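Please read the structure below before turning to the comments.
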Ligand SMILES: [Zn+2]
């Protein structure tokens, strides 16, 4: 019976250096790009959660035209989310697709900003939130059309035209209600008062955002901030409203620290696929 | 963004051979599920037909267009029925679809159907597809589908859909 050659120390060194190349090793898997995964997740979750929020209005809006507008904006946003989350799943390489990421993650794993999960309130509060978000998203997507990541650039280019509609429409409502009756003005002011403290998070450059910007995948949000504030201020002034004074910024959404509201939203959104895991269309 | 408006679908078609022409003809008979008077070719959804490598490239109109999957299934069915079972369907996002890719035939069909076609670049007024009057106004930026806005004619008082510029 032939005996196997002894393993010498130099063999061990060589094996360590050339890991994964031996005949009995599994082929070396490409390390997934986890920062890109996380970045795509942020983009996808922002769109998904706001899309779900807007869809809550279906059948309840002040008029049928507004109902259609809100439902269509929701559709645009869920469409963006589908692209970004499918992509995130592909980058992660663990076999999760967009549906799995949307319906089978728990609240702590969501990476959306806090603004999008804020409750709808009345129509004015919803429009204030939409205006603050869409103005930001439009600038971001404009920037991302030049992303070095082809997929991020393609989705941004596809979505940016839709987002400019969202921005225009919500700006029109901010002005119409703000510069309207005493009551509509008060309600719009309340909408801004509620949502304004979640704006600083949109521009927060944490480690991941900095890395994404440095690699040319994401945007450097700090350079967008002044233009954003100028845009918001001009609409708010035309609406005869007052921007709330700067409060202590509330952060955490990007790290999974969410408000109570998101859990309730997910309960509704995830109910069906969690209760009937095999359900298909 | 003038460069993006170049219709590579039309360019590609002109360059194809007889087999490609046959596939284009099949696709021309596939109606858009939401506006069945126009075909997926009229709308500019078909970006490329490559008979040699056996593929058809489609692009979605809107990011969240629920018809995207339906269109793919309908194209699949039409190709299979015509014997092109080996032709693959691929989807591309880039360059993004624009209403500039709707053919002139498509625009005429839309108008005849009662939908005002998208305005050309720099065109401000919208003509009522019923009576042709330019005295029209927007009722709602979003109509029955994401691609349409709701308008009203001040001359004949009819409401109508406008295919939005995109
Ligand atoms: Zn008319």
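Readers should treat all values here as calculations from the given coordinates under stated rules, not as data from a laboratory. Being a predicted model, the structure only gives us computed values, none of them experimental. As a convention, Cβ positions derive from the backbone with ideal geometry for all residues, glycine included, and neighbour counts pool all protein chains shown.
As I understand it, the value is the acute angle between the Cα axis of helix A:225-238 and the longest principal axis of the Cα atoms of chain A; what does it come to in degrees, rounded to 10?
The answer is roughly 20 degrees.
Note the angle between two axes, namely the Cα long axis of helix B:104-113 and the longest principal axis of the Cα atoms of chain B, as a number of degrees from 0 to 90, rounded to the nearest 10.
Here the helix axis deviates by roughly 50 degrees.
At 0.36 nm per residue, and after removing the present C-alpha to C-alpha distance, how many nm does the segment from residue A:182 to residue A:90 gain when stretched out fully?
Contour length minus the Cα-Cα distance gives 28.0 nm.
Run through every distinct alpha carbon pair of region B:62-128 and return the Kirkwood hydrodynamic radius in angstroms, one decimal place.
14.7 Å
Cα extents of region B:10-101 along the three principal axes, largest first, in whole Å?
Between the extreme Cα coordinates on each principal axis of region B:10-101 lie 32, 26, 22 Å.
Please find the FRET efficiency linking residue B:157 to residue B:112, where r is the Cβ-Cβ separation and R0 is fixed at 25 Å, and quote it to the nearest 0.05.
With a Förster radius of 25 Å, E is 0.80.
Given the Cα-Cα distance of residue A:274 and residue A:220 and 0.36 nm per residue of separation, how much length would full extension add, in nm?
Taking 0.36 nm per residue and subtracting the Cα distance, the gain is 15.7 nm.
GNM, chain A, Cα, under 10 Å: largest mean-square fluctuation among A:270, A:125, A:80?
In the Gaussian network model the winner is A:270.
Let me check the size of region B:114-163 from its C-alpha atoms; what are the radius of gyration and Dmax in Å?
9.8, 26
Averaged over all directions, how much area does the convex hull of the C-alpha atoms of region A:34-275 cover when projected, in nm²?
The directionally averaged projection comes out at 12.3 nm².
Can you give the translational diffusion coefficient of region A:92-145 in µm²/s, computed by Stokes-Einstein from the Kirkwood radius over Cα pairs at 4 °C and 1.567 mPa s?
96 µm²/s
Over the Cα atoms of region A:143-241, how large are the radius of gyration and the largest Cα-Cα distance (Dmax), in Å?
When restricted to the Cα atoms of region A:143-241, Rg and Dmax are 16.3, 49 Å.
Mind checking which of B:31, B:66, B:118 has the largest fluctuation in a GNM of chain B, springs on alpha carbons under 10 Å?
With Cα springs under 10 Å in chain B, the top fluctuation among B:31, B:66, B:118 is at B:66.
Which order do B:11, B:34 fall in if you start with the one that has the fewest other Cβ atoms within 10 Å?
B:11, B:34
With runs of 4+ DSSP H residues as the only contributors, calculate the mean residue ellipticity of the protein assembly as shown at 222 nm using -39,500 (n - 2.57) per run, divided by the residue total and rounded to the nearest 500.
-16000 deg cm²/dmol
Please list log₁₀ I(q)/I(0) at q = 0.12, 0.14, 0.17, 0.21 Å⁻¹ for region A:210-273, using the Debye equation with identical point scatterers on the alpha-carbon positions.
Treating every Cα as an identical point scatterer, log10 I(q)/I(0) equals -0.61, -0.79, -0.97, -1.00.
Fewest first, what order do A:155, A:66 take by the number of other Cβ atoms within 10 Å?
Lowest to highest Cβ neighbour count: A:66, A:155.
Please check: in the Gaussian network model of chain A (C-alpha springs, under 10 Å), which one of A:105, A:176, A:94 has the largest mean-square fluctuation.
Looking only at A:105, A:176, A:94, the largest GNM fluctuation is found for A:94.
Above 36 Å lies some portion of the pair distances; for the protein assembly as shown, what is it as a whole percent of all C-alpha pairs?
That tail contains 37 percent of the Cα-Cα pairs.
Do you know the relative contact order of region A:74-198, to the nearest whole percent, from alpha carbon pairs under 8 angstrom that are 6+ apart?
26 percent
In degrees from 0 to 90, rounded to the nearest 10, what is the angle of the helix A:34-55 Cα long axis to the longest principal axis of chain A?
Compared with the principal axis, the helix lies near 30 degrees.
Based on other C-beta atoms within 10 Å, arrange A:34, A:41 from fewest to most.
Starting with the residue having the fewest Cβ neighbours, the order is A:34, A:41.
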